[in-house]
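Following: one structure in C-alpha cells, then a few remarks.
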2 protein chains.
Amino acid sequence: MTSVDEPARPNGRIRDAVRTKAEILDVATQEFARVGYAGARVDDIAARTRTTKRMIYYYFGGKEQLFTAVLERSYGVIREAEQSLDVEHLDPVAAIRRLAELTFDHHERHPDFIRLVSIENIHEAEHIASSEMLGRIGSPALDVIRRILASGQESGLFTADVDAVDLHAMISSFCFFRVANRHTFGALFGRDLVDPAQREHYRTMLGDMVIAYLTADRATD
Amino acid sequence: MTSVDEPARPNGRIRDAVRTKAEILDVATQEFARVGYAGARVDDIAARTRTTKRMIYYYFGGKEQLFTAVLERSYGVIREAEQSLDVEHLDPVAAIRRLAELTFDHHERHPDFIRLVSIENIHEAEHIASSEMLGRIGSPALDVIRRILASGQESGLFTADVDAVDLHAMISSFCFFRVANRHTFGALFGRDLVDPAQREHYRTMLGDMVIAYLTADRATD
DNA sequence: TAGCTAACGTACTGGTTCGTACATTAGTCA
DNA sequence: TGACTAATGTACGAACCAGTACGTTAGCTA
C-alpha cells in the first residue's frame, strides 16, 4: 500500500489530523446510511478506516456526536448544491420545472443522504435539534422558490395561493419517496422507481405535476 | 391487577396462546416503530408484555421473524382498509380526489406503520422479500385506481398516458413524506406538516395536485 | 537537538443483549 | 382421574459493544 502520495514510513504511521478526521466521517457516513444509527458499530467504522476506534472518540467524542457530525456534513453538501442553483433567468414555468428536475437529480445522486434523513426522522430529528449548525442552516432553494413563485404569481401565470415551503414539500416528497421507498415499493408492486430506463419518465412526471398544480384553474373543481 | 375478565389464579399464570401471541405483536409493533429494528431490544419488548422473552422465541423463533410478523400484520391492516374503499360510484374526478383523501387520512392515522415502512426500506425490504404472505399481498387500492383511471380516460376527462402504479406512487409520496419526514422538515423549515390546523390545507393541496395533473392539457407546456 | 504536544495505538472493562437449557404447570381428553 | 402436551417461567451463557486507561511517537519549534 505504498504510493507516491504517501511515502513509506518506518512504522507506517502517518499523522494527518485533517485526513484522519475526514476518513472517519466518510466511513461513518456509509455505515450509518447502510444500517442506521443503532445498527452501526463503532468498531466496524474504525476497522474500515486507516486509524483506530480511539481516534473516533478523540475527534468526535462518541457515537452520537459522530452521527451528528455526519448529518452536518451531509446537509452542508446539499446546501452548497442549492447555492449554485441558477434558474432565475428562465421564465417562471421553466424555472420551476428546472428546479424540480435539479431536486430530482440531487436525490437520485445521493441515496446515502436520503437514508440518513430517513434514519434521523426515526430518531425524531433529535440530532438536528441539538446541532448548532443545523439549526440555522437555512435553505437557499427555498429562497429561489420564493422569488420564482412571486414572479409567476405577479404575471398571473401561477395560481396565487401557493406557498414556497409547501411547494418545496411537494417537490421533495416525490423525489424523496422515489429513492427512500424504492425497496418496499418494488417488492410490493413489482416496479423499480429508480430503474434508469424509467428515469426520464419520472423526471417529466414530476415537472408535469408541479406545473399542472401551479397553473391549474382552481375554480374548475 | 385482578379484573372481571381475568379472574385471579393461585399462581397468576393464565394460558392463552392467542392472547399472548397478539400481545407480543402489539408491543413489538410499538417498539420496532419507535426505535427501529436494530434499536429494539427483545428483553424490553418482553418486559412490556405480561409474558416473558421465552415466549417470543417459542412463538416467533427470533427477533428477525418477530419483525417480519409485525410487518405482515401491519400490511394486513392496510389491505383490509383498502378493501373497504367505496368510491367507484363517484365520477372519476371526485373518485380520485376521494381516494387521495382516504390515503391521506390513513397515513395520518397510522404513523407507526409509516415508521415501520421507513425502517424496512433501510433494510432494503429484506423481510418483505422473505415473507410468503407479503410477496402476494397485492393492493386493492391499485385495482380501484386502475378502474377509475380507465373510466376517466375513456370519457376524455383525464390525460390518457397515466398509469395506476405511478399515480399510486404520486399520491403515496405526498402522504408518506408528510408523516415520515415530519421531524426533519419541521426542524429545518419550522413548519409542522402534521399540525392539525393545517390538516385541511394539505388534504386539499393533495387533491388539487393530483386532479391538476390528471386533467392538465399536457400540450400547453 | 532537546523537548513538547498533538496525534495515534493497544488492550481492556463493564454492561448489554440475543438466545437457550432446563424446569414447571394449566388445561384437555382418554 | 391420571397422563399427556401445549404453554409458560427461570436462570444463565457467550458474544458483542461503547467507551477508556494508559502508553507511544511524529513532527514542530525554541
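The values are calculated or read from the model by the stated rules, or taken from the named source; none is laboratory data. Predicted model only: the values in this text are computed from it and were never measured. When we count neighbours, we look across all protein chains shown, and the Cβ atoms used for this are built from the backbone with ideal geometry, even at glycine. Surface accessibility is based on the protein's heavy atoms, side chains included, excluding ligands, DNA and RNA. Shrake-Rupley method; radii C 1.70, N 1.55, O 1.52, S 1.80 Å.
Things to note:
- Residues of the range B:128-150 satisfying the condition of being at pLDDT 95 or above and closer than 13 Å to A:Gly186 by Cα: B:Ile128, B:Ala129
- Qualifying residue in the range B:96-109 (condition: modelled with pLDDT of 95 or more, of a type in the set (Ser, Thr, Tyr) and assigned by TED's automatic domain parsing to the domain that holds B:Met209): yes
- Meets criteria (within 30 Å of B:Pro140 (Cβ to Cβ), under 23 Å from the mean Cα position of the chain (by Cα) and within 8 Å of DNA strand C (Cβ to nearest atom)) for B:Glu64: yes
- Of all the residues in the range A:86-140, those that are hydrophobic (A, V, I, L, M, F, W, C) and either within 8 Å of chain B (Cβ to nearest Cβ) or not in a helix (DSSP H, G or I) (or both) number 11.
- Criterion violated by A:Glu200 - all others in (1) surrounded by 19 or more Cβ atoms within 10 Å (Cβ to Cβ); (2) assigned to a helix (DSSP H, G or I) satisfied: (1)
- Restricting attention to the range A:141-157 and to residues that are within 12 Å of chain B (Cβ to nearest Cβ) and open to solvent by less than 20 Å² (accessible area, probe 1.4 Å), the residue that is farthest from A:Ile114 (Cα to Cα) turns out to be A:Ile145.
- Qualifying position, being farther than 30 Å from A:Leu149 by Cα and away from DNA strand C (no atom under 16 Å from the Cβ), among A:Val18, A:Val42, A:Val70: A:Val70
- Residue list for the range A:84-120, filter: within 13 Å of the chain's Cα centre (by Cα) and of a type outside the set (A, V, I, L, M, F, W, C): A:Thr103, A:Asp105, A:His106, A:His107, A:Glu108, A:Arg109, A:His110, A:Pro111, A:Asp112, A:Arg115, A:Ser118, A:Glu120
- Taking (1) farther than 20 Å from A:Ala164 by Cβ; (2) within 14 Å of chain B (Cβ to nearest Cβ); (3) away from DNA strand C (no atom under 16 Å from the Cβ) in turn, A:Gly36 satisfies each apart from (3).
- Taken together, the criteria exclude B:Arg191 from residues that are under 18 Å from the mean Cα position of the chain (by Cα) and either within 8 Å of chain A (Cβ to nearest Cβ) or open to solvent by 60 Å² or more (accessible area, probe 1.4 Å) (or both).
- Looking across the range B:45-61 at every residue that is more than 10 Å from DNA strand C (Cβ to nearest atom) and open to solvent by 30 Å² or more (accessible area, probe 1.4 Å), the one that is nearest to B:Phe113 (Cα to Cα) is identified as B:Arg48.
- Subset of the range A:150-169 [farther than 21 Å from B:Arg203 by Cα, touching a residue at least 12 places away in the same chain (Cβ under 8 Å) and not in a loop (DSSP other than H, G, I, E, B)]: A:Ser151, A:Gly152
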